[in-house]
1. Could you compute how much accessible surface residue 119 exposes when probed at 1.4 Å, giving the result in Å² to the nearest 10?
2. Grab the beta carbon distance between residue 25 and residue 62, set R0 = 56 Å, and tell me the FRET efficiency rounded to 0.05.
3. Subtract the Cα-Cα distance of residue 85 and residue 364 from 0.36 nm times their separation in residues, and report this length gain in nm to one decimal.
4. Hey, got the Cα dimensions of the range 354-397 along the principal axes, in Å, largest first?
5. With n ≥ 4 as the cut-off for DSSP H runs, can you work out [θ] at 222 nm for the chain, using -39500 (n - 2.57) per run divided by the number of residues, rounded to the nearest 500?
6. List the pair-distance distribution P(r) of the range 101-259, using every Cα-Cα distance, as the percent of pairs falling in each 10 Å bin from 0 up to the bin containing the longest distance, rounded to whole percents.
7. Could you order 393, 350 by accessible surface area, starting with the largest, using a probe radius of 1.4 Å?
8. Let's test this: bin the Cα-Cα distances of the range 300-344 at 5 Å from zero up to the farthest pair and state each bin's percent.
Amino acid sequence: PSPPSPSPPSPSPPSPVPNGWYSRDNKLYYNGSKVTLHGFGTTSSEYLLRGLGMVSWPTYNWADPKNIITNVNQVLVNSILQYLRPVKTNSVFPILRFPMTASYWLNVPTKAAAANFKKYPNLSQQYQSLVKLVVQSFTGQGVLVIIDLHWNDDDTEQQPMALKTRSDGGPTASAIDFWSSIASTFQDNDRVLFELYNEPHGPADIWMNGNTQYAGMLEMLAAVRKEAPNNLVVIAGAAKYAYDSDSLVQLDSKLIALKETKVLYNFHPYMGPAQSGDPTKCAAGFEALVQEIVKNTGRPMIITEFGQSCCATNGACMNCPASFNGSTGIGYDERILEICDKYEVSWLPWAWRPAASGPNSGPNCLDLNAGNANGTALAHPTDDKGGDWATLWNKYS
């Protein structure tokens, strides 16, 4: 008799699902589930040490100079958590952006903050303690936190690129040293993201590789990865204040060679008087940048700042029309959110400012939290100026 037919081969076991963060096909994944990130940018921490006493993240303990800012402002924390915690699902993770100044973290007294550094002992150490408390206050509640290198120092503030040294020889903190320290501090918390530099606006080669004055993105990424291989990193392009896709496409081959899978590409779309002459800042221009990334890379995207100035809440903004892709009668902020929704781009508008007060959206119409006199509720403008974040948050988060 004929021998029995061999049994068919057993099917190959499914590939294991990667743990933690990774990206594929312009999407972000965590433990195998596709996610987008929705939350708020904040402002005040980047100028805190030169402005002690303003409403911000600490509850001030004036009686104890060695611990003046080491207690967190729980009212502020709770006012933000009331919005962020409820949006968490398997596919949406809430997120907060915390802008930082490297000189504060690395104990470099600047001209702007010198008086406070002299008056209050261990002020840099206190700042570090406060940052750790804020991070724990949110990540302990399931909210992600972006540590953003906003400024190297509060004398020079926004520079074309992250600094290693100042051209005038003044006091500053190296971005490489900053990221080495930050990554070491938060390496065990994968709910912390690292945004390498806020708004680059310089030559692409220096942006990528650095020189004696400026830290390149690849140098800062290497400093992070030496300490923290598992945290997400956020990178904005070289030109136009975080509004450039060409340099990101150029960078992508370098990241592929490094087998880097935990990077998000970042844009900052804004419209107001400063942007009114640039049609690429309108919704169609922003979508074109997103499409370039989709076409030429596999990276997911995030916008860690965006906003409209005092133009119509539900209408045209400067030279940007109120209609886009079939939608009419909507404001600039909502048009940006529609694009993010279409391409699964993560987003955080600018900005929750602790000292904000309602009833509308502040002097520049960019205060997210100006919905009441205490600055603890999302803005709902009654003057038809600025984004209606009370409505937009409920609709898009």
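The values are calculated or read from the model by the stated rules, or taken from the named source; none is laboratory data. Everything numeric in this text was worked out from a predicted model, so none of it was measured. Because the Cβ atoms are built from the backbone with ideal geometry, glycine has one as well, and the counts that use them run over all protein chains shown. The accessibility values were calculated without ligands, DNA or RNA, using every heavy atom of the protein model including side chains. Shrake-Rupley method; radii C 1.70, N 1.55, O 1.52, S 1.80 Å.
1. 140
2. Working: r = 53 Å, r/R0 = 0.95.
With R0 = 56 Å, the Cβ-Cβ based efficiency is 0.55.
3. Numbers: separation 279, 0.36 × 279 = 100.44 nm, distance 2.77 nm.
So the chain would gain 97.7 nm between residue 85 and residue 364.
4. For the range 354-397, the Cα spread along each principal axis is 25, 20, 14 Å.
5. Details: 11 runs with 113 residues, N = 397.
Rounded to the nearest 500, the figure is -8500 deg cm²/dmol.
6. 11, 39, 35, 14, 1
7. Values: 393 5, 350 45 Å².
Result, largest first: 350, 393.
8. P(r) over the range 300-344, rounded to whole percents: 5, 22, 33, 20, 15, 4, 0.
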